[in-house]
Amino acid sequence: MSIGNSPTDDRPSVGRAIQQARIAARLTVEEVSASTRVRIPLVHAIEQDDFSRCGGDVYARGHLRTLARAVQLDPGPLIEQYDAEHGGRPEPTPAAPLFEAERIRPERRRPNWTAAMVAAIVAVVGFVGFTLFSDGGQGGGISVAGGDTNPDKPA
């Protein structure tokens, strides 16, 4: 047995397999593009095994699957061949927990100086208002000790 003559080496490339199946199904690239909604230049690129225009491995696999179904090919072996030729399928990432509560440290709160100033102003205005209106209308808060109410008269 010689090196390089395995059964997998005899099969055509992924793009070539799609192209051969399309030709065997008597479909044009335009017809395949119209039925799959894969752009015409992208179909041509995939048939030439140029997957750089697909936008990444995930999109390339999706396009391969779509095109294979359009030309009546089983997409499974084509995807496996694509993975073998292009580094394989990436390992799935583990799912993150739905909710992970953060441990929040209480932050030191700075004093609210605005509220303190408002409270002080309200207290001063309240005190002044209370002292002005609490004398009960006694004439401005002046009390007279004797019975004399004439302020112009010398004492």
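The values are calculated or read from the model by the stated rules, or taken from the named source; none is laboratory data. These numbers were taken from a predicted model, which means no experiment stands behind them. A quick note on method: Cβ atoms are made from the backbone with ideal geometry, for glycine too, and the neighbour counts reach across all protein chains shown. In case anyone asks, the SASA skips ligands and DNA or RNA and just uses the protein heavy atoms, side chains included. Shrake-Rupley method; radii C 1.70, N 1.55, O 1.52, S 1.80 Å.
Observations
- Looking only at residues in segment 51-90 that are open to solvent by 60 Å² or more (accessible area, probe 1.4 Å) and either hydroxyl-bearing (Ser, Thr, Tyr) or outside any helix (DSSP H, G or I) (or both), the one that is farthest from GLN19 (Cα to Cα) is PRO90.
- Assessment of segment 94-115 against the conditions (modelled with pLDDT of 70 or more, within 30 Å of ARG11 (Cβ to Cβ) and open to solvent by 100 Å² or more (accessible area, probe 1.4 Å)) yields no matching residue.
- Restricting the first member to segment 26-47 and to residues that are over 14 Å from VAL14 (Cβ atoms) and among the acidic types (Asp, Glu), and the second to residues that are in a helix (DSSP H, G or I) and at pLDDT 95 or above, the beta-carbon pairs closer than 9 Å and six or more apart or on different chains are GLU30/ILE40; GLU30/VAL43; GLU31/ARG22; GLU31/ALA70.
- Meets criteria (open to solvent by 80 Å² or more (accessible area, probe 1.4 Å), aliphatic (A, V, I, L, M), in a helix (DSSP H, G or I) and modelled with pLDDT of 95 or more) for ILE18: no
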